Amino acid sequence: MQTDAIEVTTSKAYGEVLESGAVRFERLLPGPIERVWSYLVEADKRATWFCGGETEARVGGKIDLFFKHSQITDEPPPESARKMNDEGALMSGTVTAFEPPYRLAFNWVGMGDPDSDVEIELTPAGDKVRLVLTHRLLATQHRMAMVSSGWHLHLGLLEDQLLGRAPGPFWSVHEGLMAQYAQMQQEGTP
């Protein structure tokens, strides 16, 4: 069931569960498409909304995902995320699709569960860009809720960057949003 009409505290649409262990997000972002693409693959730009790290621009290349949330928010983290927030945490993956400026996909290793797959597709929509992000192979309901709430917030931060706005909240809404996603999964509504 699609929940795009449901609003959350951050005014962004919820992700949609496609199948067991898979969530899909769709956002309409300010273009042009090449600019949005640069925020997906250039380490310094990606670090402003999600995570830093280099991307080898080829199928089979390595993608580093260096999470240091103190670079994207001034909010104090919960104790469980303090080390990652302050010192950073490196995860990695392998690029499985690299089709500039339309499609990036990678296998994500190091989330504490089995590997998962991320695919991001961009399509022009007038002067905007439709971003569709699908994250598959999320092994547990907890991982599904955590990843869903994370992408929800990170995509909001990407929109903030592209619009030149101050970044929205992250840590102050993350746990509540994660609980909402977990509840929606129990009810079968996301």
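Tell me the relative contact order for the range 16-187 as a rounded percent, counting alpha carbon contacts under 8 Å between residues six or more apart.
25 percent
Can you list, bin by bin at 10 Å, the percent of alpha carbon pairs in the range 1-153, starting at 0?
All Cα pairs, binned at 10 Å, distribute as 11, 38, 41, 10, 0 percent.
For the range 16-187, build the charge dipole from Cβ charges (+1 Lys, Arg; -1 Asp, Glu) around the Cα centre, then report which of 25, 48, 59 sits farthest towards its positive end.
Going by the Cα projections, it comes out as 59.
Based on the alpha-carbon gyration tensor of the range 137-190 and its eigenvalue square roots a ≥ b ≥ c, which shape applies: rounded if a/c is under 1.5, prolate if not and a/b is larger than b/c, or oblate?
Since a/c reaches 1.5 and a/b is larger than b/c, the shape of the range 137-190 is classed as prolate.
Counting only trypsin sites (Lys or Arg not before Pro) that are in a DSSP loop and have at most 12 other C-beta atoms within 10 Å, tell me the longest site-free stretch of the chain.
59-164
Calculate one ³J(HN,Hα) per residue across the range 157-171 by plugging θ = phi - 60° into the Karplus curve 6.51 cos²θ - 1.76 cosθ + 1.60, and present them in order as whole Hz with x for glycine and proline.
Ordered by residue, 3J(HN,Hα) equals 5, 4, 4, 4, 4, 5, 8, x, 8, 4, x, x, x, 10, 4 Hz.
Would you please give the FRET efficiency between residue 187 and residue 83, computed as 1/(1 + (r/R0)^6) with r the Cβ-Cβ distance and R0 = 45 Å, to the nearest 0.05?
On the way: r = 33 Å, r/R0 = 0.74.
Computed FRET efficiency for residue 187 and residue 83 comes out at 0.85.
Work out the FRET efficiency for residue 102 and residue 64 from their Cβ-Cβ distance, taking R0 = 30 Å, and round it to the nearest 0.05.
For R0 = 30 Å, the calculated efficiency reads 0.85.
Dipole magnitude of the chain about its Cα centre, charges +1 at Lys/Arg Cβ and -1 at Asp/Glu Cβ only, in debye to the nearest 20?
180 debye
D for the range 73-190, whole µm²/s, Stokes-Einstein with Kirkwood Rh over alpha-carbon pairs at 37 °C and 0.692 mPa s: what number?
On the way: Rh = 16.0 Å.
Diffusion coefficient, whole number: 206 µm²/s.
Within 10 Å of each candidate Cβ there may be at most 16 other Cβ atoms; applying that plus a DSSP loop requirement, which GluC sites (Glu not before Pro) in the range 39-102 survive?
Of the GluC sites (Glu not before Pro), the ones in loops of the range 39-102 whose Cβ has at most 16 other Cβ atoms within 10 Å are 42, 54, 56.
Rule-based calculations on the coordinates, nothing more; no lab input. Since the model is a prediction, treat every value here as computed from it, not as a measurement. Don't worry about glycine lacking a Cβ; one is built from the backbone with ideal geometry, like all the others, and counts go over all protein chains shown.
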